[in-house]
Structures are given as C-alpha cells and as structure tokens.
Amino acid sequence: MQKITFGKELAKTIGLNESIVLETLYERVEKEGTPLNGRVWIERTYREWQEDFPFWSIATIKRIFSSLKKQGLIVMEQHGKHRYDRTNWYALSDEGRHYFGQEKIVEEETQVGETGNIQDKITIVEKQLKKLRFFPLQTSQKSELAHVCKTFSLEQISQALEATAERAIFAWKYAYKILLTNQKSSAKPKRRIIRTEKVPDWFQQEKHKDAAEITQEWNEETLAKRRRLLEIQGKYQQQKKTTFSLA
C-alpha cells in the first residue's frame with residue numbers, strides 16, 4: 001500500500017491537499033523528470049494523476065493544481081510536438097523547490113553520474129551538432145543533452161538531428177522535442193488485437209441449409225411466375241386467332 005506523505009509546516013503554509021500534491025510532484029520530478037528550457041518536467045494526464053490520488057475526483061485534482069499554480073509553486077505548460085497534444089507538463093517553480101531545500105531547478109553545469117560511456121556519447125553528439133551546423137547549445141540545454149545521452153541510443157539521437165537539419169532547422173530544441181515525442185509514443189500500450197472466434201460447424205450447416213431453402217423458394221416462385229406468363233400469352237394468342245377468324 002502506497003503511503004501519502006506531507007510536511008506539517010508545508011501543509012500549514014499552502015494547504016493540506018496542496019502539500020500532498022506538491023510532495024508527490026517533487027518526488028516524480030526527481031525520479032523521472034525531463035530537463036527542458038532550464039527546468040525539469042514530467043508529463044501526465046489528469047487520469048494518471050488520479051491513479052496517485054484515487055480518493056479525489058479529477059475536478060478536485062484540477063482545483064489543487066490550479067491553487068498551486070496561483071500560489072506560484074508550480075509551472076504548467078504544454079510542450080507536445082503536435083498542436084493537438086494538450087497534455088500538461090509540470091515543473092516546480094523556484095519558489096516551489098525552495099520548500100525542499102534547493103534553490104535552483106537545474107544546475108548550470110552539466111553533471112553526468114556515469115562519466116564513462118555517457119561522456120563519450122555527449123562528445124559524439126556535440127561533434128555531430130557542429131557538423132550539421134546547429135546553433136551552439138545554451139547552458140540549460142547542456143543538461144538536456146546529458147539527459148538525452150542517458151536515455152536514448154546514438155542512432156536515435158542521430159536520426160532526430162538529421163531529421164531536424166533536413167527541414168533546414170538548426171536549433172537543438174526541435175531535435176529534442178522529436179526525441180521526447182518518440183519516447184512518449186513508444187511508451188503507449190500497443191493496440192489490443194481482437195481474436196476472431198471460429199464459427200462452429202453447426203452454424204455453418206444451418207447457414208447453408210437456410211441458403212438452400214431460400215434458393216429453392218426463389219426457384220419455385222420463378223417457375224410459378226413463368227407458368228402464369230405462359231398462360232397469359234396462350235390466352236392472348238387464342239383471342240388473336242378468334243379475332244382473325246371473325247374478320
């Protein structure tokens with residue numbers, strides 16, 4: 001059973017419900033956050049938030065996030081690649097992180113925990129950026145580059161850079177969004193395949209039986225119509241002969 005945690009002093013300051021959500025948001029940002037534009041974000045729908053807080057309705061969750069935003073504790077934006085993607089991205093503001101003893105959201109210098117292969121990947125990607133004539137990375141974008149090198153393969157990164165350059169766009173943020181969008185798409189569950197059940201033999205037999213009966217009925221009806229038509233033609237021919245004989 002997952003426990004809900006919150007700080008007493010924080011609850012007194014910003015509200016009980018708000019403190020619960022802010023604590024959860026902070027934990028998720030620390031564990032699975034994505035650096036972007038100088039902040040660390042997580043992307044979640046309200047239904048996904050409701051899985052964390054099943055005791056609240058979606059309307060209540062929306063009100064809590066609205067309260068946190070009004071208090072200046074969080075930032076909510078949409079960073080989806082497509083215009084129709086309206087999923088919210090959440091990040092703690094400088095004021096929000098202040099409650100957790102951290103003054104800045106992203107350190108100015110890129111920090112990589114694994115200095116081996118990750119640093120090599122960063123060097124390779126930086127060379128490709130220069131080769132494709134991308135604009136120089138800003139300070140905040142260096143942390144994004146480190147995140148990309150930890151999360152994606154060199155092949156995936158290279159494809160995103162080349163796809164961006166082919167469109168005559170030489171800004172890192174567009175290639176970064178391509179990678180994030182692809183990551184989101186691959187994380188979605190695959191479409192469920194509906195299995196086609198085998199039709200039982202008795203159904204097939206009944207089906208053919210019905211078809212045979214319909215064909216038989218159709219043939220009998222056609223023959224009856226034909227007989228009536230022949231009778232009418234015979235009477236007409238007889239009347240025609242009688243008329244000629246009288247004349």
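Structure notes:
- Residue order for S66, S143, S93, fewest other beta carbons within 10 angstrom first, comes to S66, S93, S143.
- From phi via Karplus (6.51, -1.76, 1.60), per-residue ³J(HN,Hα) for the range 134-140 in Hz, x at Gly/Pro: 6, 5, x, 5, 7, 4, 5
- Close amide-amide hydrogen proximity is noted between L132 and no other residue 5 or more places distant or on a separate chain, at a cut-off under 5 Å (H modeled in the peptide plane; Pro and chain starts excluded).
- Signed unit charges on C-beta, dipole axis of the range 117-187, positive-most listed residue T151, V125, T139: T139
- Ordering I64, I118, I232 from the fewest to the most neighbouring beta carbons within 10 Å gives I232, I118, I64.
- The ranking of H98, H79, H147 from fewest to most other beta carbons within 10 Å of each one's beta carbon is H98, H79, H147.
- Projecting the Cα positions of F53, I14, S66 onto the charge dipole of the range 8-98 (unit charges on Cβ atoms of Lys, Arg, Asp and Glu, taken about the Cα centre) puts S66 furthest along the positive direction.
- Our estimate of slack between R28 and Q119, defined as 0.36 nm per intervening residue step minus the Cα-Cα distance, is 30.2 nm.
- Within the range 117-187, the proportion of Cα pairs with more than 19 Å between them is 23 percent.
- Estimated FRET transfer efficiency when R0 is 22 angstrom, pair K8-E48 (beta carbons, to 0.05): 0.20
- Only Lys, Arg, Asp and Glu carry charge here, each on its Cβ (+1 for the first two, -1 for the last two); on that basis the range 117-187 has a dipole of about 160 debye about its Cα centre.
- q = 0.14, 0.24 Å⁻¹, the range 8-98: log10 I(q)/I(0) [Debye, one scatterer per Cα]: -0.47, -1.40
Just so you know, all these numbers are worked out from the coordinates, no wet-lab data involved. Keep in mind that this is a model prediction, so the values were computed, not measured. No Cβ is skipped: glycine too gets one built from the backbone with ideal geometry, and neighbour counts run over all protein chains shown.
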